[in-house]
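First comes the structure, then the notes that go with it.
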Amino acid sequence: MEIQFINEKTLSEMTSVSLPTLRRWAAEGRGPTRLKIGPGRVGYRVAEVVEWINSRTAYNGRGAKNAA
C-alpha cells in the first residue's frame, strides 16, 4: 500500500486555512499530523487529512449534524 502525502501549500488550498494558521495548529497539536518527510520538507498523510476534514464538517460545533 502506497502512503500518499500532500504539502502545506496544498493543504492550505484544500481547506482555505492560511499557512501560518496551519503551522500554529501543528505547534499546538491541532489539525492533521504534520510530518517531516525530508530536509526542509513537511507533509501530511492524505488519508488523515480527509478524515480530519470529514470530522470537522460532520458537526456544526453545537452538537447538531450539518445538512449535507
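A few comments on the model shown:
- Segment ARG30-VAL42, extension gain: residue separation times 0.36 nm, minus the distance between their alpha carbons: 2.8 nm
- Among LEU35, LEU11, the order by Cβ neighbours within 10 angstrom, fewest to most, reads LEU35, LEU11.
- Only Lys, Arg (+1) and Asp, Glu (-1) charged, at Cβ; segment 5-57 dipole about Cα centre in debye: 180 debye
- Positive end of the dipole of segment 10-57 (Cβ unit charges, origin at the Cα centre): among ALA26, MET14, ILE53, the Cα lying farthest that way belongs to ALA26.
- Each principal axis of the Cα atoms in segment 5-57 has its own extent, and those three values, largest first, are 33, 21, 20 angstrom.
Throughout, read-outs are computed from the coordinates displayed, never taken from laboratory work. All values derive from a computational prediction rather than experimental measurement. Reconstructed Cβ throughout: ideal geometry from the backbone, glycine too, with neighbour counts over all protein chains shown.
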